[in-house]
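*Asks:* I have a structure here, written as structure tokens, and I will follow up with some questions on it.
The values are calculated or read from the model by the stated rules, or taken from the named source; none is laboratory data. Note that the structure is a prediction, hence the values are computed from the model and not measured. Heads up, the Cβs are rebuilt from the backbone with ideal geometry, glycines too, and the neighbour counts pull from every protein chain shown.
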Amino acid sequence: MRWWCAATDVAWTWTWKPYLGVWVLLVVAVAMYQWAVRRAGDGAPDTPARRWFYTALAFFWLATDWPVGALAGGYLVSMHTAQYILLTFVVAPFLILGLRAFLRPSPLQRFFASPIFGFFAYSIILGLTHYPAISDALMATQWGSFVVDMSWLAGGWALWWPVLAPEGIRRMNPLGQIGYLFVQTIGPTVPSAFLTFADFPSYKLYELAPRVHGFTAAQDQQLAGLSMKLVADPFIWVAMGIIFFRWYREESKPDQPSAA
């Protein structure tokens, strides 16, 4: 039994394989969350927040366990990109929504809520984990694959924290949040174009991996590059739209009459 999804030379089959590390991590996360909820008493997260948290765990399981995690670990770079999208644009913001009731304002959290920190932290993690030499080296081992997955989760947290941080921590007004999210769509354009228009496969690990149903390495890489923009960016556009319409609704409210 393997504890985490990583590269393997074994031909792909649809036979289910357990990954113990994923399940242990999920059980620990649920146990710690329940313990924290009981300790929080009246300050515990409300029902919607708990739903966000458990939905985040469900998508984490989908992204890291069989078959997505296994295909991403050593067969298809397109599934590797799907894993990146799930962890960065779904799991990370859902975790923030589920956990922020526990978070109290502090100088460190306000620093992390800086748009400058969010931009550079996300961009650096994005660039390093998609650099072919680094990705090939890390994905060859279970520990390296685990590091990549956790890095994407951390990068997603850095991306979304300046927008989803609670009052008292968040540092931007709605217009600033919209501008910040728009800027964050620029960074992935570079690796996306690199993957889509490269003349040859960029990742040796996925080029030499056993093929899945005749899907060539070139087709796989082009799909990965297109997905990085055409699938990932709409998550940010939706967030920008939600922020705008909430802002418009608040601004449109009539002024409360002053007390006589």
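*Asks:* When you scan segment 78-89, do you find a residue that is in contact (Cβ under 8 Å) with a residue 40 or more places away in the chain, over 21 Å from Gly155 (Cβ atoms) and surrounded by 16 or more Cβ atoms within 10 Å (Cβ to Cβ), even just one? First the steps, then the outcome.
*Replies:* Start the filter on segment 78-89 by keeping residues that are in contact (Cβ under 8 Å) with a residue 40 or more places away in the chain, which leaves 78, 80-85, 87-89.
When the remaining residues are screened for being over 21 Å from Gly155 (Cβ atoms), the result is none.
Within segment 78-89 (the criterion being in contact (Cβ under 8 Å) with a residue 40 or more places away in the chain, over 21 Å from Gly155 (Cβ atoms) and surrounded by 16 or more Cβ atoms within 10 Å (Cβ to Cβ)), the answer is no, since none of the residues qualifies.
*Asks:* Residues in segment 149-159: is at least one farther than 19 Å from Leu87 by Cβ, free of Cβ contacts under 8 Å to residues at least 40 places away in the same chain and part of a helix (DSSP H, G or I)?
*Replies:* Applying the first criterion (farther than 19 Å from Leu87 by Cβ) to segment 149-159 yields none.
No, the conditions are met nowhere in segment 149-159.
*Asks:* What residue, of Arg50, Arg100, is touching a residue at least 60 places away in the same chain (Cβ under 8 Å) and under 26 Å from Pro166 (Cα atoms)?
*Replies:* Numbers: Arg50 fails: touching a residue at least 60 places away in the same chain (Cβ under 8 Å).
On inspection, the qualifying residue turns out to be Arg100.
*Asks:* Can you pull out the residues in segment 130-166 that are under 13 Å from the mean Cα position of the chain (by Cα) and among the β-branched types (Val, Ile, Thr)? Write out each step before concluding.
*Replies:* Quick first cut of segment 130-166, residues under 13 Å from the mean Cα position of the chain (by Cα) only: 148-161.
Within segment 130-166, just Val148 meets the criteria.
*Asks:* Applying the selection to segment 209-243, what residues are of a type in the set (S, T, N, Q) and either under 14 Å from Pro191 (Cβ atoms) or assigned to a loop (DSSP other than H, G, I, E, B) (or both)? Let's see the steps before the verdict.
*Replies:* Taking segment 209-243 as the starting set, the residues that turn out to be of a type in the set (S, T, N, Q) are 216, 219, 221-222, 227.
Of everything in segment 209-243, those that are of a type in the set (S, T, N, Q) and either under 14 Å from Pro191 (Cβ atoms) or assigned to a loop (DSSP other than H, G, I, E, B) (or both) turn out to be Thr216, Gln221, Gln222, Ser227.
*Asks:* Could you please give the count of residues in segment 103-130 that are of a type in the set (Phe, Trp, Tyr) and modelled with pLDDT of 95 or more? Step through it out loud before you land on a result.
*Replies:* Start the filter on segment 103-130 by keeping residues that are of a type in the set (Phe, Trp, Tyr), which leaves 111-112, 117, 119-120, 122.
In the following step, the residues that additionally are modelled with pLDDT of 95 or more were identified as 117, 119-120, 122.
Final tally of qualifying residues: 4.
*Asks:* Would a scan of segment 194-206 turn up a residue that is touching a Pro at 6+ places or on another chain (Cβ under 8 Å), of a type outside the set (Phe, Trp, Tyr), in contact (Cβ under 8 Å) with a residue 24 or more places away in the chain and surrounded by 18 or more Cβ atoms within 10 Å (Cβ to Cβ)?
*Replies:* Applying the first criterion (touching a Pro at 6+ places or on another chain (Cβ under 8 Å)) to segment 194-206 yields 202-204.
Keeping just the survivors that are of a type outside the set (Phe, Trp, Tyr) gives 202, 204.
Then drop every residue that is not in contact (Cβ under 8 Å) with a residue 24 or more places away in the chain, which leaves 202, 204.
Keeping just the survivors that are surrounded by 18 or more Cβ atoms within 10 Å (Cβ to Cβ) gives 202.
Taking every residue of segment 194-206 in turn, at least one turns out to be touching a Pro at 6+ places or on another chain (Cβ under 8 Å), of a type outside the set (Phe, Trp, Tyr), in contact (Cβ under 8 Å) with a residue 24 or more places away in the chain and surrounded by 18 or more Cβ atoms within 10 Å (Cβ to Cβ).
*Asks:* Related question: Filter segment 17-47 for residues that are in contact (Cβ under 8 Å) with a residue 24 or more places away in the chain, exposed (fewer than 14 other Cβ atoms within 10 Å of the Cβ) and among the aliphatic types (A, V, I, L, M) and give the result.
*Replies:* Across segment 17-47, the qualifying residues are Val30, Ala40.
*Asks:* Can you find a residue that is out of contact with any Gly (no Cβ under 7 Å at 6 or more places or on another chain), loosely packed, with under 13 Cβ neighbours inside 10 Å, over 26 Å from Phe119 (Cα atoms) and not acidic (Asp, Glu) anywhere in segment 61-73? Before the answer, list the steps.
*Replies:* So the first thing to find is which residues in segment 61-73 are out of contact with any Gly (no Cβ under 7 Å at 6 or more places or on another chain), and the list is 61-62, 64-73.
Subsequent filtering for residues that are loosely packed, with under 13 Cβ neighbours inside 10 Å retains none.
Scanning segment 61-73 turns up no residue that is out of contact with any Gly (no Cβ under 7 Å at 6 or more places or on another chain), loosely packed, with under 13 Cβ neighbours inside 10 Å, over 26 Å from Phe119 (Cα atoms) and not acidic (Asp, Glu).
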